[in-house]
Amino acid sequence: MTHSPRSMLVTGGAGFIGCNYLSITLEADPELRVVNLDALTYAGHPASQRGVAEIFGERYALIEGDIRDAEAVRRVFSDHTIDTVVHFAAESHVDRSIDGPLDFIDTNIRGTANLLEAARAFWGDRRDVRFHHISTDEVFGSLGAEGFFTEDTPYDPSSPYSASKAASDHLVRAWQRTYGLPISLSNCSNNYGPYQFPEKLIPLIIANAVANHSLPVYGDGSNIRDWLFVEDHCRAIDLIVRCGQEGRTYNIGGHNEKTNLEVVHAICDLVDELVPRPDGSSRRDLVSFVKDRPGHDQRYAIDASRIEAELGWTPDHDFDGGLRATVEWYLANQAWCDEVTADKYDGSRLGLSPQNS
């Protein structure tokens, strides 16, 4: 083990991946205290971390605050003697970045800089600290029919979202090279699983399929993503934070390449099995091909051999098992879906700015 966190700041812990990480890391380490700093915007909701507070009590604290507020970030470091940062907080939906790119610039770039500066100010020359930054495979751009993203793949972002994440990655590395800040990074493939806000592909298709609504698929549905079950991702992050080499980047992938249409059809089949239509017909007939997203990357695929070789991580879930668990969770948690989307998202299409509509 290279790092032993005791007082951890998790940013964005009320969001999808963050709320799953909170439970996993607190359960794994009974000595750990975690502060969750979250602005509780549309995709971060108290309902997503309610059970964490009930189970872990005084070892967990939620602070409503924005990483764009430099003073608020500094107070968290000062008040809670933070020795570890796990930085999830970000505007993360490509379609929303097309409609409103400046929110992504403010949060993902300036917010990350505020965290780095607070860490540098409070940690000084300490080496028993760690700043771990969570990024995405989208910073690498689009792959052709073959090949994989490695940690050495040049950055080539296509959307305002991925460009803002690429910029934040560069900041983290620059603070390590310039100031000696102990950092690590990870770039993950597409996550799925419990607590994902229902604007993203898998929960949106589940909700529409259950309601017998149209299932929108961008373009011809041939775009390929590598799908990673969220619990596998969180386990990888915790391993990197504790055992990863300082200054190192690790790619995290699920080894589950699927076209978007394959994913939609698999969801249809599961919903048909678990909530069959009265007439027994397939929900695949609800698929509707819609105008493609501007700048839509064709294929992502992760080479995760570094984290496997150096840290012994491999995903526990294949896509079929992970997707079944995900569909079953959403069917059992409709109340959560209703609560987090109330007055915030109606399922309508995003990402068609006026010049592209």
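The values are calculated or read from the model by the stated rules, or taken from the named source; none is laboratory data. Owing to the predicted nature of the structure, the values given are computational and were not obtained by experimental measurement. Don't worry about glycine lacking a Cβ; one is built from the backbone with ideal geometry, like all the others, and counts go over all protein chains shown.
General remarks:
- The set of residues in the range 132-176 being modelled with pLDDT under 95, touching a Ser or Thr at 6+ places or on another chain (Cβ under 6 Å) and of a type in the set (S, T, N, Q) consists of 159 alone.
- Extreme residue, nearest to residue 38 (Cα to Cα), among residues of the range 116-129 that are out of contact with any helix residue (DSSP H, G or I) (no Cβ under 6 Å at 6 or more places or on another chain) and buried (at least 21 other Cβ atoms within 10 Å of the Cβ): 119
- Helices (runs of 4 or more DSSP H) fully within the range 74-190 that include at least 3 residues being out of contact with any Gly (no Cβ under 8 Å at 6 or more places or on another chain): 101-104, 111-123, 160-179.
- Test: residue in the range 229-243 that is touching a Pro at 6+ places or on another chain (Cβ under 6 Å) and either under 21 Å from residue 310 (Cβ atoms) or at pLDDT below 95 (or both): yes
- Residue within the range 53-63 that is on the phi < 0 side of the Ramachandran plot, crowded, with 23+ Cβ neighbours inside 10 Å and β-branched (Val, Ile, Thr) present: no
- Qualifying residue in the range 15-26 (condition: closer than 19 Å to residue 132 by Cα, more than 17 Å from the chain's Cα centre (by Cα), of a type outside the set (A, V, I, L, M, F, W, C) and assigned to a helix (DSSP H, G or I)): no
- Residue within the range 271-293 that is of a type in the set (Lys, Arg) and closer than 30 Å to residue 174 by Cα present: no
- Candidate set: the range 285-341, residues that are over 30 Å from residue 100 (Cα atoms) and of a type in the set (Val, Ile, Thr); chosen: the one surrounded by the fewest Cβ atoms within 10 Å (Cβ to Cβ): 314
- Subset of the range 287-321 [of a type in the set (D, E, K, R) and touching a residue at least 60 places away in the same chain (Cβ under 8 Å)]: 291, 292, 293, 297, 299, 303, 306, 310, 316, 318
- If you filter the range 40-50 down to residues that are within 23 Å of residue 104 (Cβ to Cβ) and surrounded by 20 or more Cβ atoms within 10 Å (Cβ to Cβ), you find that the one that is modelled with the lowest pLDDT is 43.
- Those residues of the range 204-220 which are aliphatic (A, V, I, L, M) and touching a Leu at 6+ places or on another chain (Cβ under 9 Å), in sequence order: 204, 205, 206, 209, 210, 215, 217
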